[in-house]
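The values are calculated or read from the model by the stated rules, or taken from the named source; none is laboratory data. These numbers were taken from a predicted model, which means no experiment stands behind them.
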Amino acid sequence: MLADLTAGAVEDAEVRASARPLAAVEAAALAQPSARDALAALAPADRVKIIAEVKRASPSRGDLAAIPDPAHQALLYQQGGASAISVLTEGRRFKGSLADLEAVKGAVELPVLRKDFIATEYQVLEARASGADLVLLIVAALEQDVLARLHALTLELGMTPLVETHSADEVDRAADVGARLIGVNARDLSTFELDRDLFGRLADRIPAGAVKVAESAVLAPADVAHYRAAGADIVLVGEALVTNDPVTTLKAFLEAGA
């Protein structure tokens, strides 16, 4: 499934590239104001921080919420105390778009993550051209040389890579490219099975100095507390925020991670 999602995202990017060639996207990326400092916003603190996600649907859960106004949704996240906003831009299964990212970036003051299945330089450049401050790079979807190249390009453009892992080997691969923001996804993107304890088993393997992000399987305050106790600096939350009142849910989650 991960391979299919990545291939589909690359195909869709190729369609966009036929209308907006690489040179034009690169020029737009370089013309953007400097990216917001995500590492400063997500620096470890005495309580957990939350990346709040604008997410309409997923392959594992189907439709979650219509979200007709992603900018308004993101403003609620900012009001509720989120430290950064994640925007799904994959269109086939998650029903997102770069237009969602642009709307969110224009509405909030927080760093904004482009969450997609990124495997090409074009996708990284269009992320910056659309205002992204962070880019998701999924280790399992990328050969090591490609991961290193996209990680370096993301940094060159002033953005922060969030490098997502799902095994000890992948954590080591993230460390090898110098990742400073490393996520552990409890959901196996090949099978969509969940293992909420995976983060705890891998946390000590994440290099000292890197920010530790727990992803997926966060539906209640107890899940945030579980991840915080296992060493998470950041928790990424999507479904629970789009299916409940985002402000009160965020506040409860932040209290649980204190």
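Below is a table of values for the structure above.
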quantity	calculated
Residues located in the range 30-84, provided they are in a strand (DSSP E or B), small (Gly, Ala, Ser) and within 23 Å of Pro161 (Cα to Cα)	Ala52, Ser58, Ala84
Which numbered condition Ala31 misses (of (1) farther than 27 Å from Gly183 by Cα; (2) modelled with pLDDT under 95; (3) not acidic (Asp, Glu))	(2)
Boolean, Ala84 is hydrophobic (A, V, I, L, M, F, W, C) and closer than 20 Å to Asn185 by Cα	yes
Output for the range 48-69, where each listed residue is under 16 Å from the mean Cα position of the chain (by Cα) and among the small types (Gly, Ala, Ser)	Ala52, Ala57, Ser58
